[in-house]
Amino acid sequence: MTTTNQDEDASNWYLDTSCSNHMTGNGNRNWIIDFDPNIKNSVRFADNSMIYVEGIGKVRFNGKDGRAGYLNDVIYVPSMKNNLFSLDQLLEKGFKMSMEHNSIKIYDQKSRLVLKTPLYKNRTFKTNLNISTAQCLSSIGGKEETSWLLHYRFGHLNFKSLNRLSNKQMVTRLPQIHLPHKTREGCLFGKIFKISRLQREKKSLEVVYSNVCGPLDSSSLGGNRYFLTFMDEFNRKI
């Protein structure tokens with residue numbers, strides 16, 4: 001197994017040729033979508049020590065080109081301090097790899113380059129994946145995937161309101177929204193609270209909601225990577 005530094009960034013993934021599965025832990029349960037907690041197992045290391053698996057799922061990440069990708073069959077091991085990226089698992093799924101000039105390149109089944117990372121100072125390969133914790137964006141494919149992507153980009157706006165934006169052409173070039181067959185786990189977690197009021201406010205600024213977004217991958221023209229929103233509960237102005 002790979003020797004790592006515990007002070008490393010939690011989003012670093014170490015490319016490993018001796019682990020049979022992608023693994024994550026250390027409080028990263030919110031990364032995993034379509035999580036199956038019924039998968040219980042153990043992992044044995046070369047020194048004969050064991051750690052215990054608490055479930056399996058997949059992790060969504062954003063590529064450099066903005067497209068979504070998925071690590072499938074990622075096992076969740078709470079006691080893990082680092083994330084392991086199984087090269088054996090990718091090889092089994094038909095991916096190709098080449099190592100030269102102190103770097104490794106990984107190609108998909110269509111020979112497209114999906115990952116390139118240099119040799120790290122302790123003779124390991126590691127990469128920093130842009131992990132998405134928006135669990136509503138699990139891999140559902142087709143028209144529903146587009147609708148969920150728009151739902152995410154509009155700050156988890158409900159699908160009825162997204163449909164209104166599309167049908168009334170309130171947003172330029174917004175495609176037709178297709179209602180999903182089921183609600184994703186992450187959206188349920190995000191809406192678990194309940195406001196105990198029988199009626200809405202009677203005037204502006206009685207209740208104002210705030211939300212912050214960032215850091216964004218690309219800075220604005222002013223060099224900013226965060227933005228802050230305020231919404232008035234009475235008139236719904238943002």
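The values are calculated or read from the model by the stated rules, or taken from the named source; none is laboratory data. The model shown is predicted, which means the values in this text are computed figures rather than measured ones. Note that we place each Cβ from the backbone using ideal geometry, even for glycine, and neighbour counts take in every protein chain shown.
For region 42-56, the tally of residues that are farther than 13 Å from SER20 by Cα, surrounded by 10 or more Cβ atoms within 10 Å (Cβ to Cβ) and out of contact with any Ser or Thr (no Cβ under 9 Å at 6 or more places or on another chain) stands at 3. All of (1) at pLDDT below 80; (2) in a strand (DSSP E or B); (3) not basic (Lys, Arg) hold for ILE51 with one exception: (1). Need pairs with beta-carbon distance below 8 Å; first residue assigned by TED's automatic domain parsing to the domain that holds ASP108 and free of Cβ contacts under 8 Å to residues at least 24 places away in the same chain and within region 80-97, second among the hydroxyl-bearing types (Ser, Thr, Tyr) and part of a strand (DSSP E or B); sequence gap 6+ or separate chains. What qualifies is PHE95/TYR107; LYS96/TYR107; MET97/TYR107. Residue pairs whose Cβ atoms lie under 7 Å apart, sitting 6 or more positions apart in sequence or on different chains, and linking a residue in region 16-35 that is in contact (Cβ under 8 Å) with a residue 12 or more places away in the chain to a partner that is in a loop (DSSP other than H, G, I, E, B) and among the β-branched types (Val, Ile, Thr), are ASP16/THR2; MET23/VAL77; GLY25/VAL77; ASN30/THR133; TRP31/THR133.
Find the residue count for region 96-111, including only residues that are on the phi < 0 side of the Ramachandran plot, of a type outside the set (Asp, Glu) and out of contact with any strand residue (DSSP E or B) (no Cβ under 6 Å at 6 or more places or on another chain). Residues in region 96-111 being on the phi < 0 side of the Ramachandran plot, of a type outside the set (Asp, Glu) and out of contact with any strand residue (DSSP E or B) (no Cβ under 6 Å at 6 or more places or on another chain): 3 in total. Looking across GLY57, GLY27, one residue alone is in a loop (DSSP other than H, G, I, E, B), under 17 Å from the mean Cα position of the chain (by Cα) and farther than 22 Å from PHE125 by Cβ. It is GLY27. Residue pairs whose Cβ atoms lie under 6 Å apart, sitting 6 or more positions apart in sequence or on different chains, and linking a residue in region 198-223 that is at pLDDT 85 or above to a partner that is basic (Lys, Arg), are GLY214/ARG225; PRO215/ARG225; LEU216/ARG225; SER219/ARG225.
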